[in-house]
Ligand code: EPU
């Protein structure tokens, strides 16, 4: 459905930058160079790009926080850094507050802001790096909550038609670390803003043992959303490297899902196998455990390495190139496949 945005093209809005270093704009810290670069601060710029034939010919990379991205050294493309700002409550009904944020807003700052306003629902997703616009792309998730659980709708610019479309949850086809924006709409849609439905009747989601244990140790018996957020922040800080200190993109692989039969035969050979029953009777395996058992935890290949506290996270040991990260990921996949017969899917996007 077209929205009320003004879509008039304005040519002077597209003054490009050239040969721009992206090293500080990707959390892995890869020293990539972009041939063409444009910070997007208003929608009219996207319309202007679409109306410029020389620019529509170029491959496009939409950049949010750069926290789920592995870059090559040379990016011969038009890099659009989404800088749209703004957040507000749109409306409410008996069940939900509908809260909207623009694509360029920082995810964690937005979560903190909602909690400060007294709106709960995003607390389990505290401290995830990246931006609002990137969050639906891979359906970010942590500690029992995925963005699809709190998602209402989003607005996106459609490069094919030049219109702004409103997409509801069904249109986004969310799945585990996946959505249409990682699949067939990948090069077509640019997310402009996201609206969340935050429940008025809130219940803490404490299914993850780590979270319940942290709250118990802190002697918090009836946690509110801020307490849950504090727990998640502490757990993440203990397990995951801070990208400002050690370059990384969070989990590098998805947790693989296998049949009950395959899980059973693996369990016979490896009694320590970590697995979780899914609603469809299949089992999700802890990829971090598989990688650790394959001997990769704490090891390096060139300047890329496997984090010593969480084997699912690949890290930059200093000046790693995209090619080195790719080589390490391929070696890990090959070793896990030969030891366990399980294929690991890579989580971040490569460009
Ligand atoms: N484990 C090991 N060795 C390791 C790492 C993990 O044995 O080196 C085992 C442990 O038994 C642990 C289990 O794996 O209990 C699960 O580990 P963890 O709780 O750290 O979670 P994860 O499955 O490795 C997933 C998400 C994370 C999310 C956490 C918590 C994926 C790909 N990753 O990791 O998401 O924060 O659960 O919900 O699903 C991200 O996507 O970037 C991310 C960090």
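Throughout, read-outs are computed from the coordinates displayed, never taken from laboratory work. All figures in this text were calculated on a predicted structure; none of them were measured in a lab. All Cβ positions, glycine included, derive from the backbone under ideal geometry; neighbour counts span all protein chains shown.
Just want to confirm a number: the relative contact order over region 247-350, from Cα pairs under 8 angstrom separated by 6+ residues, in percent.
With pairs under 8 Å counted, the relative contact order is 32 percent.
Relative to a virtual label point 7 Å from the Cα of residue 166 in the Cα→beta-carbon direction, which members of region 120-152 show backbone nitrogen distances below 13 Å?
Backbone N within reach: 152.
How much mean residue ellipticity at 222 nm does the chain get from its helices, if each DSSP H run of length 4 or more adds -39500 (n - 2.57) and you divide by all residues, to the nearest 500 deg cm²/dmol?
It comes out at -7000 deg cm²/dmol, rounded to the nearest 500.
How much FRET efficiency would the formula 1/(1 + (r/R0)^6) give for residue 23 and residue 268, where r is the Cβ-Cβ distance and R0 is 41 Å, rounded to 0.05?
Numbers: r = 47 Å, r/R0 = 1.15.
Between residue 23 and residue 268 the formula returns 0.30.
Send over the Kirkwood Rh of the chain, from the inverse of the averaged 1/r over different Cα pairs, rounded to one decimal Å.
Answer for the chain: a Kirkwood hydrodynamic radius of 21.5 Å.
When ranked by the protection proxy of mean other Cβ atoms within 10 Å per residue, highest first, what sequence do the peptides 222-229, 107-114 form?
The packing order, highest mean first, is 107-114, 222-229.
Measuring from label point to label point, each 7 Å out along Cα→Cβ, what is the residue 77 to residue 303 span in nm?
Reported label-point gap for residue 77 and residue 303 is 2.1 nm.
Just to verify a number: FRET efficiency for residue 331 and residue 16, C-beta to C-beta distance, R0 = 41 Å, to 0.05?
Details: r = 38 Å, r/R0 = 0.92.
FRET efficiency, residue 331 to residue 16: 0.60.
Mind ordering 131-140, 77-86, 50-59 by average Cβ neighbours within 10 Å, highest first?
131-140, 77-86, 50-59
Based on the mean of other Cβ atoms within 10 Å per residue, sort peptides 145-154, 168-177 so the most packed one is first. Working shown, then result.
On the way: 145-154: 19.9, 168-177: 16.2.
Ranked from most to least packed, the peptides come out as 145-154, 168-177.
Only Cα pairs under 8 Å and at least 6 apart count here; give the relative contact order of the chain as a rounded whole percent. Working shown, then result.
Numbers: 723 pairs, mean separation 56.5, N = 351.
In percent, rounded to a whole number, it is 16.
What is the gain in length, in nm to one decimal, between residue 85 and residue 201 on full extension, counting 0.36 nm per residue of separation less the C-alpha to C-alpha distance? Present the calculation step by step, with values, prior to reporting the outcome.
Values: separation 116, 0.36 × 116 = 41.76 nm, distance 2.88 nm.
Between residue 85 and residue 201, full extension yields 38.9 nm more.
Given labels modelled 7 Å from the Cα in the Cβ direction, how far is it in nm from residue 216 to residue 98?
4.1 nm
Extent of region 203-315 along each principal axis, from alpha carbon coordinates, in Å, largest to smallest?
Computed over the Cα atoms, the extents are 41, 40, 21 Å.
Before anything else, pin down the relative contact order of region 17-82: Cα pairs under 8 Å, at least 6 apart, normalised by residue count, whole percent.
Over region 17-82, the number comes to 43 percent.
Quick one: check the C-alpha center-to-center distance for region 61-93 versus region 294-310, whole angstrom.
Rounded to whole Å, the Cα centres lie 29 Å apart.
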